[in-house]
Amino acid sequence: MGIPYSFGFFSGSAADVVLSKEIQWLVSVFAGIIFSFIVYRLTATFSSRLFAGYRKLTSAGKVEWNNRGFSTFHAIFASFASFYLLVLSDLFKDDSQEEKLVVNRSSTFSNSVLSFSTGYFLADLAMVIWQFPALGGLEYVLHHGLSMFSIIQSLLSGQAQIYILMVLFSESTTPFVNLRWYLDTTGLKSSKLYIWNGVALFFGWLIARIFLFMYLFTHMWIHFDEVKEVFPLGFYSLLVVPPVLAMMNLFWFWKIAKGMVKTLTKSKHSK
């Protein structure tokens, strides 16, 4: 016969469930951190052998190159995982047999994805602060801080994961941003790949960071009776954080659009 114990408001088997969830989250967070640094080192190893331009970079340039390597890795993972959970799985579908409100739905996989991303944001934020402002200014600190704040709230409460995953899917534009930097750094700014990547970045950003946020706000409005069921801090965060991120996305989109027009104009005149 086991020794009775309590954990918060839970006791016995209920406490085991809570503890197992917390362990799962911690393992996933550490996995995100560890994988970030593994990919960082692999990027350095393979880039030094495959790209002559990498070997010519300064120490600071190599740090940013490697940093963008694990940034791209996370973006690919996060976008595919978010797409699966939002579109392919039945977790958040309106006609799902799930009895819970859409804002209260979560799963072991969704918790693992969000925890893994938290690990990535922690690792990347540590590097941004360590190299500040070489890897990004205050806007990156704000972006990562808001992202982790929202994700951690969602994990602890089990609520609003549908909206967190929508925002996380916007990471799908990151590989285009990083490829643009790689091409610019290696002197390939006038290449066709740079031009086509810029066009892809423009439309990818328009879809994943402009239209998707419009859909997010529309979804929140339609399901506002459910959104109001989110715990108070989470509810007000939903009213504040996505609009702040949306304004940042609009600012960056304006800069991307200007850059694309400038590049296309130069390309046209050079023919």
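The values are calculated or read from the model by the stated rules, or taken from the named source; none is laboratory data. These numbers come from a predicted model, not from an experiment. Neighbour counts are summed over all protein chains in view; Cβ atoms, including those assigned to glycine, are modelled from backbone coordinates with ideal geometry. These accessible areas exclude ligands, DNA and RNA; they are computed on the full protein's heavy atoms, side chains included. Shrake-Rupley method; radii C 1.70, N 1.55, O 1.52, S 1.80 Å.
What is the distance in Å between the Cα centres of the range 224-270 and the range 104-169?
Distance between centres, Cα-based: 16 Å.
So between LYS21 and LEU138, what do we pick up on full extension, going 0.36 nm a residue minus the alpha carbon distance?
Values: separation 117, 0.36 × 117 = 42.12 nm, distance 3.31 nm.
Stretched fully, the LYS21-LEU138 segment lengthens by 38.8 nm.
Would you calculate, for the chain, the mean residue ellipticity at 222 nm contributed by helices, counting each DSSP H stretch of 4 or more residues as -39,500 (n - 2.57) and dividing by all residues, to the nearest 500?
It comes out at -25000 deg cm²/dmol, rounded to the nearest 500.
Show me 166-173, 122-129 ranked by packing, highest mean number of other Cβ atoms within 10 Å first.
166-173, 122-129
Please determine, in degrees from 0 to 90 and to the nearest 10, the orientation of helix 232-270 with respect to the longest principal axis defined by the Cα atoms of the chain, where the helix direction is its Cα long axis.
20
Might you report the magnitude of the Cβ-based charge dipole of the range 101-208 about its Cα centre, with Lys and Arg at +1 and Asp and Glu at -1, to the nearest 20 debye? Spell out each step's value before the answer.
Working: 4 positive and 4 negative charges, 44 e Å.
The calculated dipole for the range 101-208 is roughly 220 debye.
Which is farthest toward the positive dipole end of the range 38-118 among SER107, HIS74, PHE92, measuring Cα position about the Cα centre, with Cβ charges +1 (Lys, Arg) and -1 (Asp, Glu)?
Sorting the options by dipole projection puts first HIS74.
Full extension from LYS192 to ALA60: what is 0.36 nm times the residue separation minus their Cα-Cα distance, to one decimal in nm?
44.8 nm
Considering only lysines 8 or more places apart in sequence, or on different chains, count the pairs in the chain whose C-alpha atoms sit under 22 Å apart.
The result is 23.
Measure off, as a whole percent, the carbon and sulfur share of the 1.4 Å-probe accessible area of the chain, all protein chains present.
Details: 10520 of 15070 Å².
C and S atoms contribute 70 percent here.
Taking 7 Å along the Cα-to-C-beta vector as the label spot, tell me the THR45-MET248 distance in nanometres, rounded to one decimal.
Each label point lies 7 Å from its Cα, and together they span 3.3 nm.
What percentages make up the Cα-Cα pair-distance distribution of the range 118-271 when the bins are 10 Å wide from 0?
For the range 118-271, the binned pair fractions read 10, 34, 32, 17, 6, 1 percent.
At a Förster radius of 35 Å, what calculated FRET efficiency corresponds to the Cβ-Cβ distance of ASP95 and PHE37, to the nearest 0.05? Walk me through the numbers on the way to the answer.
Details: r = 42 Å, r/R0 = 1.20.
FRET efficiency, ASP95 to PHE37: 0.25.
With r defined as the distance between the Cβ atoms of PHE217 and THR108 and R0 fixed at 25 Å, what FRET efficiency is calculated, to the nearest 0.05?
0.30
Would you list the P(r) distribution for the chain, with all Cα-Cα distances sorted into 10 Å bins from 0 and each bin expressed as a whole %?
Bins of 10 Å from zero give 6, 25, 32, 21, 10, 4, 1, 0, 0 percent of pairs.
How much FRET efficiency would the formula 1/(1 + (r/R0)^6) give for LYS262 and LEU88, where r is the Cβ-Cβ distance and R0 is 35 Å, rounded to 0.05?
0.35
Using the heavy atoms of the protein chains and a 1.4 angstrom probe, tell me the accessible area per residue for the chain in square angstrom.
Roughly 56 Å² per residue, with all protein chains present.
For helix 59-83, report the angle its Cα long axis makes with the longest principal axis of the Cα atoms of the chain; keep it between 0 and 90° and round to the nearest 10°.
50
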